[in-house]
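The values are calculated or read from the model by the stated rules, or taken from the named source; none is laboratory data. None of these values were measured; they are calculated from a predicted model. Positions of Cβ are backbone-derived with ideal geometry, glycine not excepted, and every protein chain shown enters the neighbour counts.
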Amino acid sequence: MSNWGVTNTDNQTLQYCFPNNNLSCSKSIRPEVEYIFVYIFVAVTSVFTVFLNLLVIISISHFKQLHTPTNVLILSLAVADLIAGLILMPVQGMKLVEPCWYFGEIFCSIFPLILYMVLVASLGNMIIISVDRYIAVNDPLRYPMKVNNNRVVVSIVVNWLFSFIYNLYMLYEFLLYPERNHTCIGECIISFNLENIILDHFVCLVAPCCIIIPLYVKICFVANYQAKHVNLVTDKKARSEKKAARTLGIVVLVYLLCWMPYYLISLSAEYEENDSLIINVMDWIVCMNSCMNPLIYAMFYRWFRLSAKYILTLKIFQPSSAYLNLFPEEK
């Protein structure tokens, strides 16, 4: 979070971002094939991310069988991923080749708030999902009493509010005085003091890992124990909860793998000046996580494959389509 907006300063032919303005920033000229490749890649990836997450959102919203607490959490995560595909990935993709900011000062102030609010909200969703799976596996009999849709919705609202307030605090000075970090027109750079950097690493890396990792270690032990000692009556339910925990555990693991390199590298003070390419690649890996979650659902959740089939074949427009069976008996 501490190095958003770092520009590329490779030794290439320089032009001005806005040639008709004497206060314009300069920019390096890259080979045309590089621009074409990056923009095609960014466009395809962004569209793919939006498309997949729309499938998740429509599936959970439309089909009654999917109106469960865990799926409501997945819905919240998909909304965050959808925003990432619509806004964050195109802008972050442009930063791979464009050192100039062409979206104006207002969006320069707003974009970091959107970026970090979505990312921190996604992290909060991961923590809530971990707690949900822990309760489901560790105490399955009382899970319906402890966890319901209303409580999950409240936790999601609190999560998004916390993300907004936290990032408003972190970006307070930048939002009030965005011109402080600008040395020329066409520049949009944000910086943080040491105290905020330490706070951000604790809130977004240390604390989540201290919560998520122990919970999933406990989930693995409990799930393995249940698999050995469960009786025939609860065998099917136990297998279902174990599969859900495993799938969402993969989602959480992939998320942490995408985020940890970014934060670990940002602890280094030397890379900022010399390795702007590494910064941009780390930013892009974080954004790419929004595309990976639906792919994981498609690999492990049969209900997602069936619901996607019904959506793409327009069966959701048929009467009573909301009650279609997404969990047919396994043969």
What number of residues in segment 63-111 are farther than 30 Å from Val33 by Cβ and among the charged types (D, E, K, R)?
3
Hits in segment 277-325 (condition: farther than 20 Å from Leu52 by Cα, touching a residue at least 40 places away in the same chain (Cβ under 8 Å) and surrounded by 17 or more Cβ atoms within 10 Å (Cβ to Cβ))
Ile279, Asn280, Asp283
Given (1) modelled with pLDDT under 80; (2) part of a helix (DSSP H, G or I), index of the condition Arg133 fails:
(1)
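Checking the conditions here, which among Ile114, Ile36, Ile127, Ile83 is free of Cβ contacts under 8 Å to residues at least 24 places away in the same chain and farther than 18 Å from Tyr301 by Cα?
Ile36
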Within segment 58-70, track down each residue that is part of a helix (DSSP H, G or I) and closer than 20 Å to Pro319 by Cα.
Ile58, Ser59, Ile60, Ser61, His62, Lys64, Gln65, Leu66
For the structure I just gave you, tell me whether Tyr225 is at pLDDT 80 or above, within 30 Å of Val137 (Cα to Cα) and aromatic (Phe, Trp, Tyr).
no
Subset of segment 138-156 [over 17 Å from Ile60 (Cβ atoms) and under 22 Å from the mean Cα position of the chain (by Cα)]:
Val154
Part of a helix (DSSP H, G or I), in contact (Cβ under 8 Å) with a residue 12 or more places away in the chain and under 30 Å from Ser28 (Cβ atoms), is that true of Phe107?
no
Give the residues of segment 176-202 that are within 23 Å of the chain's Cα centre (by Cα) and closer than 13 Å to Ser109 by Cα, sorted by residue number.
Cys188, Ile189, Ile190, Ser191
Give me a count of the residues in segment 263-292 that are within 14 Å of Gln92 (Cα to Cα) and modelled with pLDDT of 65 or more.
13
Hits in segment 285-330 (condition: of a type in the set (A, V, I, L, M), more than 22 Å from Ile250 (Cβ to Cβ) and assigned to a loop (DSSP other than H, G, I, E, B)):
Leu314, Leu324
Being surrounded by fewer than 18 Cβ atoms within 10 Å (Cβ to Cβ) and small (Gly, Ala, Ser) is the filter; apply it to segment 164-218 and report the residue that is farthest from Arg133 (Cα to Cα).
Ser191
